[in-house]
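Beneath this line is the structure, given in structure tokens, with notes to follow.
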Amino acid sequence: MRARAELRARWRSSLGLALVIGLAGGLVIGAAAGARRQDATFPLFRASENTAQLGIANSGIGFGFANVNFDYARHLPQVTDSAVFAFYIGFIKAPGGQILTPISDQNPIVSFAGPDGHFDTVLDKMLIIEGRAAHPDSIDDGVVSYIAAQNYHLKVGDTLQYSLPSFKDFEEGPSSLHLTGPRFSIHIVGVEAESYELPPGLGYPSIHLTPAFYRKYTSLSPSFPALLLKLKHDSDVPPVLDAIQKNGIEGGASASTRVQAFNEPQNATAVRRNIHIQAIALWLLALLAGVTSLLVVGQAIVRQSYVESDDNPALRALGMTSGQVFVTALTRVALVGVVGGVLAAAVAIAVSPLTPIGLPRLIDPRPGLSFDVAALAIGALAVFGATIGVGVLAEVRTAMRPGARATDESRQRPSRIANTLARSSFPPPSVAGVRMALETGHGRTSMPVRSTLFGAIIGIAALMTSFGFAGSLGHLLKTPRLVGWNWSGTIGDDFDGEDASQVIPILQSDSDVAEFTGGGGSTLQIRGVPINIFAQDQIKGRMAPIILEGHAPQAVDEIALGTRALRDVHAHVGDVVKIIVTKTPYEFRIVGRTVVPPITGSTGGDGAFMTFQALRRMQPTVAEDIYTFRFAEGVSPVAGRAKLKQQVGDLAVALSTDFGDAANLRRVINLPFVLAGLLALLSAATLIHILLTAVRRRARDLAILRTLGFVGSQVRAAVAWQATTLVLLALLVGIPLGIAAGRWSWTTFTNQLGYVPEPSVGLAPVLLTIPAALLLGNLIATLPARAAARTKPALVLRAE
């Protein structure tokens, strides 16, 4: 009965508290559910498109790779479905005049078509993300992959001018200038996405044509027959390839023939790894939001419990035991927790369309609202449990310790800051406002000052943590050294021995190059885990890799592993590991923890570094085809690369601008600011609650001030000074606390990924936060100040 009476009397404050809890809890649940959705979208996409794990291309007209017996391949026991298709060498003129052809290194693109509609519609079913699917009976309909659309600025409605070579043209060497094959137009009717085309995809950006196109043009122009194989499991790819290599090559296998195959699970692993980096960022933001919300909302619950405990002495005097008072108060808190949990689930559902982010958002087969039952149920229960937990702690203090309030009152001391302002002849409204912010008060006018300040400090600290994380992320994406690039660039390609022998003299004689190394890459098994190896020997100068712990490998039995690689193989710096190559074991001592740049397929933390001599000891035939170089001081990287490019010709010369997996963090760079905005909203709601509660609790004090001569403007000024004092103290403590928390959170994040942990907090966000917080605090104080200015002294004092 007492609980119902209190709810009727205080339903507005209880509802306000439930709304704050729902907003904060919904933010946390939404971020956690978004992280789960981020990781789950790509597997769901693969399942919805009925992904084929293996694609095999036959040379047909002789391109140096094996012709596979498709009938043998499709009847292997691991195969559950298959689809035949072909790809075409078409010279394509885009609307802007650009010529697109798979023979060009600059514009690799390929056209696909199947004979019966099984390809692209049943197996590897396209996800149309814009426009529509091509009509199977339309010869001139085409659908482009979204990578092709991005790379070549193609869109729905564009028309592509095709020129196909004849068989005679192809024998003579196809050229876009002299073709005697078919010429026609293809209208782009849609943009699609398929698993094997996703970055970092190994396939070409593609244009998908129709069965009608296949039937008309396959006999008129050379094409490459190809086969998709749907396997029972992703792990079936190696045995299927082995079987085809041994028994499925027409004319018999030989050392000079190889199967031209696309391993979709291998590419899918790289895609999942990239997406998981973004999911980690979401989880970290969810954790930050959760801790902040618990602290801020917890203080609001404590403050509400403190305010509502005024009647406890009277209730005990009327015969209620401390236990009954405790249960009564806890019942009210429980109801607030229930409403807050339900609201949190509703908020999480409402914000769910904001996730997933980046690539998963593009390929999500179920966009829009998401109902993650597990996340919503666990999150709502967590919100309710946290509310009850904090409520128990608050009510134990107020209900189970009758003398606590009296003791607190006896210890109250006037604010030194307020006394200093009074002695310094500050205006009375400023002194009164500072006292309202910093002095607890007595009896029914008392306020929990410490919890109020704590909540404001946590709000500012959370904002600064978000800004610090965002600044560090921006610094990472502008600093190649942090992802392992400890040099200016690389020369790397699948070049032959004659080309390689020319590279060293060129680098030796180039005055712009101060230092360089030479070596190669491979993939080796360490304790059963495949690790990408980057191996280099010093040739000129001294260029060591980035070492986070220990030292760089120097001997042929030393190796440095990335942070994630160390975790994967369950090893530490100083351990000895075995690498088995063709049944021969080699022992290596782990002498360092390193960051390997994205050169050999490594993504920073999952690679390893060793000397090239060490790699050659295990694999004598490995090619020396990667050279890293560092320009001399003062040399322009662009000019230096152009000069090198002229000397080495067709060999690939790249500057240190490839950020590998770290580049995917660009898609989450705005998340910290979104979180900062939501935390600012939560802090603003908390400040409103503080000021409204203070005005209501301090009605007697305000009435006395009005009686002593304060006019309405002075009362409003006093409330504004109260808000300003709270914000200033929160800034004073919250800014350094938030900077420290931001540095810690970024270091934890980068240590998980294996990059160099180098936090960077910009000065601009810190400087902008101070006036913004003060302005927001005073704007929030406007409504409570008006309410305070309307205080009727006679009515308030008569009630007292």
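The values are calculated or read from the model by the stated rules, or taken from the named source; none is laboratory data. These numbers were taken from a predicted model, which means no experiment stands behind them. Counting neighbours? That spans all protein chains shown, and the Cβs are built from the backbone with ideal geometry, glycine included. Protein only, heavy atoms only, side chains kept; ligands, DNA and RNA dropped before computing areas. Shrake-Rupley method; radii C 1.70, N 1.55, O 1.52, S 1.80 Å.
Inspect all residues belonging to the range 80-89 and state whether any of them is at pLDDT below 85 and either open to solvent by less than 20 Å² (accessible area, probe 1.4 Å) or farther than 30 Å from ILE277 by Cβ (or both). Yes, the range 80-89 has at least one match. In the range 540-552 there is at least one residue that is under 29 Å from the mean Cα position of the chain (by Cα), assigned to a loop (DSSP other than H, G, I, E, B) and either modelled with pLDDT of 90 or more or closer than 30 Å to PRO759 by Cα (or both).
Annotation for the range 760-776: at least one member residue is in contact with a His (Cβ under 7 Å, 6 or more places away or on another chain) and over 22 Å from LEU295 (Cβ atoms).
Return yes when ARG444 is open to solvent by 60 Å² or more (accessible area, probe 1.4 Å), at pLDDT below 80 and of a type outside the set (Phe, Trp, Tyr) and no when it is not. Yes, satisfied. Is it the case, given these coordinates, that THR724 is open to solvent by less than 30 Å² (accessible area, probe 1.4 Å), out of contact with any Phe, Trp or Tyr (no Cβ under 6 Å at 6 or more places or on another chain) and in a helix (DSSP H, G or I)? Judged against the criteria, THR724 is a match.
Which residues, counting only those in the range 636-646, are under 16 Å from TRP485 (Cβ atoms) and open to solvent by less than 60 Å² (accessible area, probe 1.4 Å)? Correct list: GLY640 only. With respect to (1) in contact with a helix residue (DSSP H, G or I) (Cβ under 8 Å, 6 or more places away or on another chain); (2) modelled with pLDDT of 90 or more; (3) of a type in the set (S, T, N, Q), the lone exception for THR594 is condition (1).
From THR611, THR582, grab the single residue that is open to solvent by 20 Å² or more (accessible area, probe 1.4 Å) and over 30 Å from GLY459 (Cβ atoms). Testing whether each residue is open to solvent by 20 Å² or more (accessible area, probe 1.4 Å) and over 30 Å from GLY459 (Cβ atoms) leaves just THR582. Return a yes/no flag: does the range 540-548 have any residue that is surrounded by fewer than 19 Cβ atoms within 10 Å (Cβ to Cβ), free of Cβ contacts under 8 Å to residues at least 40 places away in the same chain and out of contact with any helix residue (DSSP H, G or I) (no Cβ under 6 Å at 6 or more places or on another chain). Yes, that holds for at least one residue. One residue alone among VAL761, VAL719 is open to solvent by 40 Å² or more (accessible area, probe 1.4 Å), among the β-branched types (Val, Ile, Thr) and more than 18 Å from the chain's Cα centre (by Cα), and that residue is VAL761.
Looking only at the range 60-71, residues that are modelled with pLDDT of 70 or more and more than 12 Å from LEU241 (Cα to Cα) come to 5 in all. When residues in the range 515-539 are screened for being in contact (Cβ under 8 Å) with a residue 24 or more places away in the chain, more than 19 Å from GLY492 (Cα to Cα) and part of a strand (DSSP E or B), 5 of them pass. In this structure, does ARG316 turn out to be among the basic types (Lys, Arg) and buried (at least 21 other Cβ atoms within 10 Å of the Cβ)? For ARG316, the condition - among the basic types (Lys, Arg) and buried (at least 21 other Cβ atoms within 10 Å of the Cβ) - is not met. Taken over the range 744-756, the criterion of being over 17 Å from GLY459 (Cα atoms) and buried (at least 20 other Cβ atoms within 10 Å of the Cβ) is satisfied by TRP746, PHE749, THR750, LEU753, GLY754, TYR755. Identify all residues within the range 294-331 that are within 35 Å of the chain's Cα centre (by Cα) and modelled with pLDDT of 80 or more; write none if there are none. Answer for the range 294-331, where residues must be within 35 Å of the chain's Cα centre (by Cα) and modelled with pLDDT of 80 or more: just LEU294. VAL144 meets all of the listed conditions (1) modelled with pLDDT under 90; (2) surrounded by 19 or more Cβ atoms within 10 Å (Cβ to Cβ) but one, namely (1).
Yes or no: VAL622 touching a Ser or Thr at 6+ places or on another chain (Cβ under 6 Å), modelled with pLDDT under 90 and buried (at least 18 other Cβ atoms within 10 Å of the Cβ)? In short, no. If the condition is being at pLDDT below 85, touching a Ser or Thr at 6+ places or on another chain (Cβ under 8 Å) and closer than 21 Å to SER683 by Cβ, then the range 746-780 contributes VAL761, GLY777, ASN778.
Checking each residue in the range 705-724 for being over 19 Å from ARG786 (Cβ atoms) and in contact (Cβ under 8 Å) with a residue 60 or more places away in the chain picks out only THR707.
For (1) closer than 23 Å to LEU287 by Cβ; (2) acidic (Asp, Glu); (3) open to solvent by 30 Å² or more (accessible area, probe 1.4 Å), each residue gets a yes or a no:
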| site | (1), (2), (3) |
| --- | --- |
| GLY341 | yes, no, no |
| VAL347 | yes, no, yes |
| THR355 | yes, no, no |
| ILE363 | no, no, no |
| SER370 | yes, no, yes |
| ALA377 | yes, no, yes |
| GLY385 | yes, no, yes |
| LEU393 | yes, no, yes |
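The condition of being surrounded by fewer than 23 Cβ atoms within 10 Å (Cβ to Cβ) and not in a helix (DSSP H, G or I) holds for ALA555. Every condition in (1) of a type outside the set (Val, Ile, Thr); (2) buried (at least 19 other Cβ atoms within 10 Å of the Cβ); (3) farther than 17 Å from VAL595 by Cα; (4) modelled with pLDDT under 90 is met by PHE516 except one, and the failing one is (4). Here is the figure for the range 105-139: residues that are part of a loop (DSSP other than H, G, I, E, B) and open to solvent by 60 Å² or more (accessible area, probe 1.4 Å) total 11.
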